[in-house]
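One structure below.
The values are calculated or read from the model by the stated rules, or taken from the named source; none is laboratory data. Fair warning: this is a prediction, and the values are worked out from it, not measured in the lab. All Cβ positions, glycine included, derive from the backbone under ideal geometry; neighbour counts span all protein chains shown. In case anyone asks, the SASA skips ligands and DNA or RNA and just uses the protein heavy atoms, side chains included. Shrake-Rupley method; radii C 1.70, N 1.55, O 1.52, S 1.80 Å.
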Amino acid sequence: GAFQTLKARNSELQYPLLSVLSRTKTRESYETLKALLKRGLPSTGYPNLLNPSITDSLELTEILMPDLLEYCSDTLFVLFMPDVLLKLQEAGKVSKEQLAGVQPSVLALGTYYSDSMKADSRYFPAGFNRYCNLLAFFNDRASLNQLRIFSESPNIDVLNAVVMAMLSNDIVPEDAWIIKLAKDDFYRMHLFEKLKEENKPALFPASMAKQ
């Protein structure tokens, strides 16, 4: 119908159409959304339009499962999935085995982000904080290595996302990363408060405590 016509002529309008269905928040709209996604994912556009409405009601989100996980292999669709995966995991709607199945696609997204950061040091992708949280949740060698790669970015916002994600998942960041954040006028107090929240105030550099 009209959706397939858009795919052929103006595919960038497909995600706005899909987002209308996700925001309608009825079983019927989500059944329609499921059927349209099954016909083929948009090849262009901004998939983040589906978030956060697609997880406002996890009961409705479950209608899209398990197809939603399979779509993580799509390099465009996966852009908004880290937040969705975390919400599903936090609500107990997805198993560890299911998350392990999408991890390769999640890590591939990290490579894309890393390459983009090398090309533009100011680059900070939408949803990056949640992406780092997902990697820290995985907490395996490949995921931690990706966080380490991010930490090398000259963008202090990127380093902050890495450190906050690790602390939120009870992982101790490297001392050098904490010191760098503590030296930053903007992030110093934020770091101090986060360390207190996670019962790790001793990690805050003593030399920075009075600044």
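Per-residue answers, yes or no, for (1) closer than 23 Å to Ser121 by Cα; (2) assigned to a loop (DSSP other than H, G, I, E, B):
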position	(1), (2)
Ala165	yes, no
Ala176	yes, no
Lys180	yes, no
Phe186	yes, yes
Phe192	no, no
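Looking only at residues in region 56-80 that are of a type in the set (A, V, I, L, M) and within 16 Å of Lys34 (Cβ to Cβ), the one that is modelled with the lowest pLDDT is Leu58.
Yes/no matrix, rows are residues, columns are (1) out of contact with any strand residue (DSSP E or B) (no Cβ under 6 Å at 6 or more places or on another chain); (2) at pLDDT below 95; (3) not basic (Lys, Arg):
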site: Gln103; (1), (2), (3): yes, no, yes
site: Leu107; (1), (2), (3): yes, no, yes
site: Gly110; (1), (2), (3): yes, no, yes
site: Tyr113; (1), (2), (3): yes, no, yes
site: Lys118; (1), (2), (3): yes, yes, no
site: Pro125; (1), (2), (3): yes, yes, yes
site: Phe138; (1), (2), (3): yes, no, yes
site: Ala142; (1), (2), (3): yes, no, yes
site: Arg148; (1), (2), (3): yes, no, no
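Selection of region 162-205 for residues being open to solvent by 20 Å² or more (accessible area, probe 1.4 Å) and of a type in the set (Gly, Ala, Ser) yields Ser168, Ala176, Ala202.
Any residue at all in region 60-70 that's within 21 Å of Asn169 (Cβ to Cβ) and in contact with a Lys or Arg (Cβ under 7 Å, 6 or more places away or on another chain)? No, region 60-70 contains no residue that is within 21 Å of Asn169 (Cβ to Cβ) and in contact with a Lys or Arg (Cβ under 7 Å, 6 or more places away or on another chain). Could you list, in sequence order, all residues of region 143-161 that are under 20 Å from Val172 (Cβ atoms) and open to solvent by 50 Å² or more (accessible area, probe 1.4 Å)? Residues satisfying the conditions are Leu144, Asn145, Arg148, Ile149, Glu152. Filtering region 176-192 to residues that are of a type in the set (Phe, Trp, Tyr) and either touching a strand residue (DSSP E or B) at 6+ places or on another chain (Cβ under 7 Å) or within 9 Å of Leu159 (Cβ to Cβ) (or both) leaves Trp177, Tyr187. How many of the residues in region 42-60 are farther than 25 Å from Ala91 by Cα and either open to solvent by less than 30 Å² (accessible area, probe 1.4 Å) or among the polar types (S, T, N, Q) (or both)? Residues meeting the conditions: 3. Every condition in (1) within 21 Å of Asn133 (Cβ to Cβ); (2) surrounded by fewer than 15 Cβ atoms within 10 Å (Cβ to Cβ) is met by Lys38 except one, and the failing one is (1). Taking the criterion of being buried (at least 19 other Cβ atoms within 10 Å of the Cβ) and touching a Pro at 6+ places or on another chain (Cβ under 9 Å), the residues of region 73-89 that qualify are Phe77, Val78, Leu79, Phe80, Met81, Asp83, Val84, Lys87. Being of a type in the set (Lys, Arg) and not in a loop (DSSP other than H, G, I, E, B) is the filter; apply it to region 90-130 and report the residue that is surrounded by the fewest Cβ atoms within 10 Å (Cβ to Cβ). That would be Lys96.
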